[in-house]
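I have placed the structure first, in the form of structure tokens, so that the comments after it can refer back to it.
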Amino acid sequence: MPRDADEKGLTVKKTEDMPEWYSQLCIKAELADYSPVRGCMVIRPHGYAIWERIQQFFDTRIKALGVQNAYFPMFIPESFFKREAEHAEGFAPEVAWVERHADEERLALRPTSETIMYDSYSRWIRSWRDLPLRINQWNNVVRWEVKDVKPFLRSREFLWQEGHCVYETEEQRNKETLLYLDEYRRVFEELLAVPVIKGEKTMAERFAGADRSYTIEAFMPDGKALQCGTSHDLSQGFARAFDIRFLGRDEKKHAPWQNSWGISTRAIGAMVMLHGDDKGLVLPPLAAPVQVVIVPILFEDTKAEVLRGSAALRDAFRDVRVRLDDRDEYSPGWKYHDWELKGVPLRVELGPRDLEKKSCVIARRDTGKKESVTLADAPKRVASLLAEMQRDMLAAARARMEKSMLPVSEEKAFQAAVAAGKMALAPFCGKKTCEEALRERFAGVTSRCIPLDGKAPKGKCLFCGEKALHETYFSRAY
Ligand SMILES: [Zn+2]
């Protein structure tokens with residue numbers, strides 16, 4: 001029995017109430033579901049399939065760079081956790097503990113794995129010949145967030161990858177930390193069509209225990225930045241705390257140089273929020289689990305031919321991820337809404353009249369444009385439309401982002417820019433105390449990054465009047 005399309009559609013518009021629109025979209029498009037445990041989420045197959053595309057894309061790239069995958073326990077002894085003081089302090093408010101017996105050491109549920117991995121590294125690394133050591137794990141981490149949870153963007157448990165590499169020289173480490181950051185840019189821009197700014201975090205926003213933290217930042221349509229991935233030059237404090245030493249080419253003991261880098265299921269949230277519309281998800285073709293859906297228009301007397309024609313078309317689309325929606329119980333209109341909600345990039349409609357003309361209709365999810373194409377030309381046209389859509393989505397998102405980036409040179413303009421939901425580029429001294437003071441003055445505003453391709457600042461720090469060191473982006477953020 002055909003069901004009414006409205007019952008499962010979104011009931012709010014993206015521009016009217018973005019938080020509610022986003023939550024509804026994640027649930028109704030079947031990416032995620034509520035969990036009986038507060039602050040956690042269930043990732044449904046449609047959402048998980050997108051995560052698998054991200055994994056495949058990134059995993060292939062890092063393996064080509066010499067990274068190997070491994071797995072470490074999710075329980076970390078409290079004593080490990082406390083060996084690197086700054087790190088322990090940085091994560092303290094978010095750590096969840098397991099306590100079983102009074103005489104046993106408490107165990108942390110990993111908020112990140114530096115400590116437990118470096119304990120192993122201290123036994124595995126002996127000589128310069130063991131370096132570089134490049135290990136990644138795909139796992140879950142737990143951060144007991146107190147803020148509101150939001151599917152993919154903020155939850156107490158999430159999936160991610162964390163890479164942890166060890167090098168003989170500082171130069172090699174510095175070079176590769178930026179290499180992984182650029183791989184993250186590729187995941188976001190090339191796969192998810194989410195444009196990002198590559199930059200360095202200010203002192204106040206640095207990872208606990210890092211000398212330098214790099215980030216890629218995306219800008220969401222509600223005027224908030226989203227930190228999408230980070231890559232850190234770790235201080236040698238970790239090597240000292242975990243006694244990682246190697247015998248160098250000079251036959252002397254040395255502390256190695258380390259980095260760590262991660263992206264999470266937050267990537268899915270960024271893509272959903274940036275590209276979704278009032279009808280539902282809009283998936284960039286390379287990230288879409290289903291790229292093309294064929295919807296046959298069925299009438300009793302022509303049903304058999306149209307289904308045969310649709311199956312032939314499905315077979316002809318063997319080079320793309322295609323689904324033939326031949327479900328009996330739904331009308332074509334219901335199916336259109338359903339696949340629009342799920343964000344499938346292209347819909348191919350085939351009815352008896354199309355079949356007579358040996359043609360079909362292709363509809364694009366992002367623009368809504370429809371065109372009639374001969375059945376013979378359809379596979380080629382589908383491939384070119386998917387490629388065009390991937391390019392167009394990134395270009396459109398980049399144009400929107402660039403409109404939101406505003407250089408400012410005085411405090412009034414800064415205030416107006418951040419209040420209007422823009423990302424303000426301001427000359428900044430980089431000092432932690434200065435940033436803490438400005439956070440209080442402009443509630444909710446934080447520094448996002450010092451762009452890597454930025455210019456030297458002119459004049460003084462906008463906030464304290466001391467010498468400005470960098471042009472730095474500021475905005476509200478997730
Ligand atoms: Zn300052």
Filtered residues of the range 436-447 (kept if more than 16 Å from the ligand (Cβ to nearest atom) and on the phi < 0 side of the Ramachandran plot) = Ala443
Can you work out which of the residues in the range 418-434 that are assigned to a helix (DSSP H, G or I) and closer than 23 Å to Val196 by Cα is nearest to the ligand (Cβ to nearest atom)?
-> Val418
Which one of the conditions (1) at pLDDT below 95; (2) small (Gly, Ala, Ser); (3) closer than 24 Å to Lys150 by Cα does Gly276 fail to meet, given that it meets all the rest?
-> (1)
Positions within the range 448-471 being under 14 Å from Glu411 (Cβ atoms) and either away from the ligand (no atom under 14 Å from the Cβ) or out of contact with any helix residue (DSSP H, G or I) (no Cβ under 9 Å at 6 or more places or on another chain) (or both), in sequence order | Gly459, Lys460, Gly465, Ala468
Keeping to the range 161-207, report how many residues are over 16 Å from the mean Cα position of the chain (by Cα) and more than 19 Å from Ala225 (Cα to Cα).
-> 16
From the option list Val306, Val322, single residue qualifying as β-branched (Val, Ile, Thr) and under 30 Å from Ile27 (Cβ atoms) is Val322
Please enumerate the residues belonging to the range 391-417 that are within 16 Å of the ligand (Cβ to nearest atom) and buried (at least 16 other Cβ atoms within 10 Å of the Cβ).
-> Val408, Phe414
Could you please let me know if Tyr184 is over 30 Å from Leu394 (Cβ atoms) and among the aromatic types (Phe, Trp, Tyr)?
-> no
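Scan the range 319-337 residue by residue and report those that are out of contact with any strand residue (DSSP E or B) (no Cβ under 9 Å at 6 or more places or on another chain) and either touching a residue at least 60 places away in the same chain (Cβ under 8 Å) or under 18 Å from Ala49 (Cβ atoms) (or both). So that I can check it myself, show each step before the final result.
Taking the range 319-337 first, the residues out of contact with any strand residue (DSSP E or B) (no Cβ under 9 Å at 6 or more places or on another chain) are 319, 327-331, 333-334.
Answer for the range 319-337, where residues must be out of contact with any strand residue (DSSP E or B) (no Cβ under 9 Å at 6 or more places or on another chain) and either touching a residue at least 60 places away in the same chain (Cβ under 8 Å) or under 18 Å from Ala49 (Cβ atoms) (or both): Asp319, Glu329, Tyr330, Ser331, Gly333, Trp334.
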Being more than 28 Å from Leu192 (Cα to Cα) and either in the same structural domain as Leu298 (by TED's automatic domain parsing) or assigned to a loop (DSSP other than H, G, I, E, B) (or both), is that true of even one residue in the range 378-390?
-> no
Only one of Asn136, Asn174, Asn140 is buried (at least 21 other Cβ atoms within 10 Å of the Cβ), in the same structural domain as Ser213 (by TED's automatic domain parsing) and either assigned to a helix (DSSP H, G or I) or out of contact with any Pro (no Cβ under 8 Å at 6 or more places or on another chain) (or both), namely Asn136
Are any of the residues in the range 47-66 assigned to a loop (DSSP other than H, G, I, E, B), in contact (Cβ under 8 Å) with a residue 60 or more places away in the chain and surrounded by fewer than 13 Cβ atoms within 10 Å (Cβ to Cβ)?
-> yes
Condition check for Asp354: surrounded by 16 or more Cβ atoms within 10 Å (Cβ to Cβ), out of contact with any Gly (no Cβ under 7 Å at 6 or more places or on another chain) and in a loop (DSSP other than H, G, I, E, B) | no
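Return the only residue of Thr202, Thr215, Thr169, Thr230 being of a type in the set (Ser, Thr, Tyr), surrounded by fewer than 18 Cβ atoms within 10 Å (Cβ to Cβ) and in contact (Cβ under 8 Å) with a residue 12 or more places away in the chain.
So the residue among Thr202, Thr215, Thr169, Thr230 that is of a type in the set (Ser, Thr, Tyr), surrounded by fewer than 18 Cβ atoms within 10 Å (Cβ to Cβ) and in contact (Cβ under 8 Å) with a residue 12 or more places away in the chain is Thr169.
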Scanning the range 418-441 for residues that are touching a strand residue (DSSP E or B) at 6+ places or on another chain (Cβ under 6 Å) and within 18 Å of Asp222 (Cβ to Cβ), which turns out surrounded by the most Cβ atoms within 10 Å (Cβ to Cβ)?
-> Ala424
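The values are calculated or read from the model by the stated rules, or taken from the named source; none is laboratory data. Quick caveat, the model's predicted, so the values are computed rather than measured. Here Cβ is always computed from backbone atoms with ideal geometry, including for glycine, and neighbour counts include all displayed protein chains.
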